1. Suppose accessible area is computed on protein heavy atoms with a 1.4 Å probe; arrange SER40, SER35 from highest to lowest.
2. Calculate the length of the line joining the C-alpha centroid of the stretch 7-47 to that of the stretch 103-167, in whole Å.
3. How far is helix 49-68 tilted off the main Cα axis of the chain, in degrees rounded to 10, range 0 to 90?
4. Using only protein heavy atoms and a 1.4 Å probe, report how much of ARG162 is accessible, in Å² to the nearest 10.
5. Which value in deg cm²/dmol, rounded to the nearest 500, describes the helix-derived mean residue ellipticity at 222 nm for the chain, given -39,500 (n - 2.57) per DSSP H run of n ≥ 4 and division by the residue count?
6. Whose amide H sits under 5 Å from the amide H of ASN86, counting only residues 5 or more places off or on another chain, with H placed in the peptide plane?
7. Under the Karplus relation 6.51 cos²θ - 1.76 cosθ + 1.60, θ = phi - 60°, what is the ordered set of whole-Hz ³J(HN,Hα) values for the stretch 127-144, x standing for Gly and Pro?
8. Read phi for every residue in the stretch 9-25 and hand back ³J(HN,Hα) as whole Hz from Karplus 6.51 cos²θ - 1.76 cosθ + 1.60, θ = phi - 60°, with x for Gly and Pro.
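The values are calculated or read from the model by the stated rules, or taken from the named source; none is laboratory data. Everything numeric in this text was worked out from a predicted model, so none of it was measured. Here the Cβ positions follow ideal geometry from the backbone for every residue, glycine too, while neighbour counts run over all protein chains shown. Heads up: the accessible areas ignore ligands, DNA and RNA and are worked out on the full protein's heavy atoms, side chains in. Shrake-Rupley method; radii C 1.70, N 1.55, O 1.52, S 1.80 Å.
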Amino acid sequence: MSGTRLPRILFFAVVLAAIAQCVHDFPLLPDRLASHFNASGMPNGWMTKTQFLVIYGIVLVPALAIEFWVSHRIANKPDASLNLPNKEYWLAPERRAETFGYFETFFAWYGCIFLFVVVFAMGLAMRANFDAPPRLPTGPIFSDIAGFVLFNVAAVIAMFRRFSMSR
């Protein structure tokens, strides 16, 4: 559990920041707001404030699942249904707790990063609607997406390095 403490604290800090952002920004938003933008930052999809808030809540659900459910789901699957290199080695009784502890920490960080990406993107979308006409700043959103792609590449490499060979 100690490997998940920091990412879980950060996760809840990002949730609180998202709530504060919504409490502050929601009353200031127009009744109809741009909710989807093309690659140049121009709006090409619209919805009501209420629809936007509901969608915001819905897109947070995967982050919650990653943070709190995925690692437990993996730990409770039968060994035969796990796709893990050197499975017999990593799931041996003397390494099993360490292996699933790694997954728990990995998914705690993954959920935290995923949540940050979503909250940052949704925040940019809300802020874009404070301008007339609305325009999403492309630099920050592309940086957000590129950072998440790089994080995924690093995460996959780390996972393969961790489990590709016996120690």
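1. So the residues, ranked largest to smallest area, are SER40, SER35.
2. 15
3. Long axis of 49-68 versus the principal axis of the chain: about 10 degrees.
4. 30
5. Theoretical 222 nm ellipticity from helices: -23000 deg cm²/dmol.
6. none
7. Computed from phi, the couplings for the stretch 127-144 are 5, 4, 7, 7, 9, 10, x, x, 8, 7, x, 6, x, x, 6, 5, 5, 4 Hz.
8. 4, 5, 4, 5, 5, 5, 4, 5, 5, 5, 4, 4, 4, 5, 4, 6, 7
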